[in-house]
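The block underneath contains the structure these notes are about, expressed in structure tokens.
The values are calculated or read from the model by the stated rules, or taken from the named source; none is laboratory data. Given the structure is predicted, the values throughout are model-derived calculations rather than measurements. As a convention, Cβ positions derive from the backbone with ideal geometry for all residues, glycine included, and neighbour counts pool all protein chains shown. What goes into the accessible areas is simple: the full protein's heavy atoms, side chains included, and nothing from ligands, DNA or RNA. Shrake-Rupley method; radii C 1.70, N 1.55, O 1.52, S 1.80 Å.
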Amino acid sequence: MSFTVAIDGPAAAGKGTIARAVADHFGFAHLDTGLLYRAVGARMLTGVDAIKAAKALRPEDLNGDLRTAEIAQAASKVAVIPEVRAALVDFQRAFARRAGGAVLDGRDIGTVICPDADVKLFVTASDQVRAERRFLELAAKGAETSRAKVLADLRERDARDSARATAPLTAAADALVLDTSEISAKDATAAAVAHIAKLR
Ligand code: C5P
């Protein structure tokens with residue numbers, strides 16, 4: 001039987017950490033849907049048409065270093081294109097229906113991809129906290145950046161993700177909102193696991 005957990009929220013709010021921990025805890029498969037848009041964005045940066053890239057996307061394209069600031073911006077630019085989003089729907093829905101359970105994290109999972117998900121979480125945190133987390137992640141990888149640049153990038157991406165006409169970033173009406181600004185990853189994960197366990 002399938003069981004789907006949808007986790008949405010803005011960049012660097014802790015969705016990925018919570019999604020991976022939930023998947024580990026319950027033995028569910030996990031799909032970071034941001035990687036789909038990042039893979040398409042990375043192809044666009046090499047000159048490939050974004051819609052063609054989305055239609056031709058294969059699972060192996062999700063490997064590799066897609067977590068750069070440049071690819072994040074490219075991802076949010078291709079993500080406004082309705083044909084790009086449409087080309088990625090079937091793959092995400094098939095993943096969500098896997099036997100044994102699935103966790104998908106992104107921006108529109110609870111609203112558009114899996115409106116009937118068994119559990120919906122909307123993970124958020126203040127801009128400042130999210131920027132600090134992303135800055136530390138990028139700095140740990142040796143990326144040359146500054147806190148101010150990371151904050152400006154996050155705000156630009158959030159604004160584009162929230163304002164787009166197709167599948168904008170927004171909490172589903174039936175999502176549990178988890179604000180991670182003032183709680184540790186461990187506590188946020190424990191809250192998510194407890195909520196899912198009640199609905200399972
Ligand atoms: O989650 P991540 O930061 O990797 O996502 C990169 C970009 O991909 C987001 O800024 C957003 O524009 C896009 N995205 C989306 N819908 C999703 C997941 C990601 O539009 N479900």
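How many angstrom lie between the C-alpha centres of the range 121-173 and the range 5-33?
Between the Cα centre of the range 121-173 and that of the range 5-33, the gap is 16 Å.
What whole-number distance in Å separates the alpha-carbon centres of the range 174-200 and the range 64-95?
26 Å
Under a point spin-label approximation (7 Å from Cα along Cα-to-Cβ), what is the Lys141-Thr46 distance to one decimal in nm?
Calculated label separation equals 1.7 nm.
Do the sum for the chain: with -39,500 (n - 2.57) for every DSSP H run of n ≥ 4, divided by all residues, what is the mean residue ellipticity at 222 nm, to the nearest 500 deg cm²/dmol?
So the helix-based figure for the chain works out to -16000 deg cm²/dmol.
Just the number, please: carbon plus sulfur as a percent of the accessible area of the range 4-192, 1.4 Å probe, no ligands or DNA/RNA counted.
Of the solvent-accessible surface of the range 4-192, carbon and sulfur hold 54 percent.
If you stretched the chain out fully between Arg200 and Val89, how much longer would it get, using 0.36 nm times the residue separation minus the C-alpha to C-alpha distance?
Working: separation 111, 0.36 × 111 = 39.96 nm, distance 2.51 nm.
Contour length minus the Cα-Cα distance gives 37.5 nm.
Sequence neighbours fewer than 8 away in the same chain don't count; with that in mind, list the aspartates and glutamates whose C-alpha is under 13 Å from Lys149.
Output for Lys149: Glu70, Asp127, Glu132.
Can you tell me the accessible area per residue over the chain, all protein chains present, probe 1.4 angstrom, in square angstrom?
For the chain, the per-residue accessible area is 48 Å².
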